[in-house]
Amino acid sequence: MNSQSVTRPWGPPEEEALHFLARRALDEDLNSPDGRRGDATSLALVPEGLLGQAWFVSRVEGRVAGLPALKRIFELVDSTAEVTITAPEGGSIRPGDRLAKVAGPMRALLAGERTALNFLQRLSGVATQAEKYVRLVNDLACVVLDTRKTTPGWRVLEKYAVRMGGATNHRMGLGDGILIKDNHLAALSGTAVATPAIVARATRQAGEYAREHPGLSVEVEVDNLEQFEAALAAGPDVILLDNFTLEMLRKAVALRDRAMPVVRLEASGGVRLETLRAVAQTGVDRVSIGALTHQATSIDIGLDYEPPAA
């Protein structure tokens, strides 16, 4: 059975990232180049004291993420606006599902509408994308991981959305663990493809550093089976098998199982929906997929206004 990690909910890191991004997004909408501030259309047409309410409604099937962001966004516009969440965060949604209600001054609702939708649609799109991949291997002991291929500035929120889709986060940043990539090895060897000896030496050196800095894991990327055997002998925590064929993956798994079962194997490199299950069935422990974030498409969610009850 799939062993995706326990999902960490919305918390202080997400609140901090949202606060920064939401303020910037609202400034884009409400500050014009000539110095005017506000929604000119609402200022011209909507009475200042007019109250209203609206529902965030899904137009498609998918997975929702980002509902906690709605409260902070409208709070930044007008502290009297009230948001009521009516759908479970991280849950499946269908066309017509009501996800949340916002009520308050109509000027505030109209001013915050686009920013709120942009956040909710984007994060739900990432969660929906992640869920598609996870669903394919739910019956296998293989974890689906994201990567650092995120929208600049949005990493905390996009990785949160990945978790809402049922997948697992890899490193949040470069300081979270040691991952020896091909370019690190190229820098050490002075050649495009490092020799097995260089791979082994780098892995051992990284292990020494990790022992001096508790909490760091050691992962090394390899491009071929010769590099793999050298890395395996050096005993890292994880070996990343980059662009391995299915046959190479199976050979690597068999070698690991015989020589050092505690080392985890991670497949990566162009894994798609069409290929994920076959990769996972080779026996690797995890698969990292940049497409969870960099290929995700915002899903269609609308904000439908309704008159107050008579």
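The values are calculated or read from the model by the stated rules, or taken from the named source; none is laboratory data. Here the structure is a predicted model, which is why all the values come from computation and not from measurement. Quick reminder, even Gly has a Cβ in these numbers, built from the backbone with ideal geometry, and neighbours come from all protein chains shown.
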Next on the checklist: Yes or no: the range 252-270 includes at least one residue that is under 26 Å from Val64 (Cβ atoms) and touching a residue at least 60 places away in the same chain (Cβ under 8 Å).
Outcome noted: no
Next on the checklist: Restricting to the range 79-103, count the residues that are small (Gly, Ala, Ser) and either closer than 17 Å to Pro9 by Cα or touching a helix residue (DSSP H, G or I) at 6+ places or on another chain (Cβ under 7 Å) (or both).
Outcome noted: 6
Checklist entry - Being hydroxyl-bearing (Ser, Thr, Tyr) and within 25 Å of Glu158 (Cβ to Cβ), is that true of even one residue in the range 73-85? => result no
Checklist entry - Just checking, which of Ala280, Ala206, Ala291, Ala233 is among the hydrophobic types (A, V, I, L, M, F, W, C), crowded, with 17+ Cβ neighbours inside 10 Å and over 20 Å from Leu140 (Cβ atoms)? => result Ala206
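Listed here are the residues, each with its yes/no results for (1) assigned to a helix (DSSP H, G or I); (2) under 19 Å from Gln205 (Cα atoms); (3) outside the structural domain of Gly207 (by TED's automatic domain parsing); (4) of a type in the set (S, T, N, Q).
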{"residue": "Gln227", "(1), (2), (3), (4)": "yes, yes, no, yes"}
{"residue": "Ala231", "(1), (2), (3), (4)": "yes, yes, no, no"}
{"residue": "Leu240", "(1), (2), (3), (4)": "no, yes, no, no"}
{"residue": "Glu247", "(1), (2), (3), (4)": "yes, no, no, no"}
{"residue": "Arg250", "(1), (2), (3), (4)": "yes, no, no, no"}
{"residue": "Val253", "(1), (2), (3), (4)": "yes, no, no, no"}
{"residue": "Asp257", "(1), (2), (3), (4)": "yes, no, no, no"}
Checklist outcome for this item: Expected output for the range 32-56 (first residue free of Cβ contacts under 8 Å to residues at least 40 places away in the same chain, partner assigned to a loop (DSSP other than H, G, I, E, B), Cβ below 9 Å, 6+ apart or cross-chain) is Ser32/Gly38; Ala40/Ser32
Checklist entry - Does Glu208 meet the test of being under 29 Å from the mean Cα position of the chain (by Cα) and acidic (Asp, Glu)? => result no
Checklist entry - When residues of the range 143-184 are filtered for being more than 23 Å from Arg24 (Cβ to Cβ), not in a loop (DSSP other than H, G, I, E, B) and not hydroxyl-bearing (Ser, Thr, Tyr), how many remain? => result 13
Next on the checklist: Going residue by residue through the range 24-46, is there one that turns out to be in contact with a helix residue (DSSP H, G or I) (Cβ under 9 Å, 6 or more places away or on another chain), hydroxyl-bearing (Ser, Thr, Tyr) and in a loop (DSSP other than H, G, I, E, B)?
Outcome noted: yes
Item to check | Which listed residue is in contact (Cβ under 8 Å) with a residue 12 or more places away in the chain and farther than 27 Å from Ile289 by Cβ, from Leu225, Leu188, Leu179 | outcome: Leu188
Item to check | Residues within the range 160-201 that are surrounded by 15 or more Cβ atoms within 10 Å (Cβ to Cβ) and of a type in the set (Asp, Glu), tallied | outcome: 1
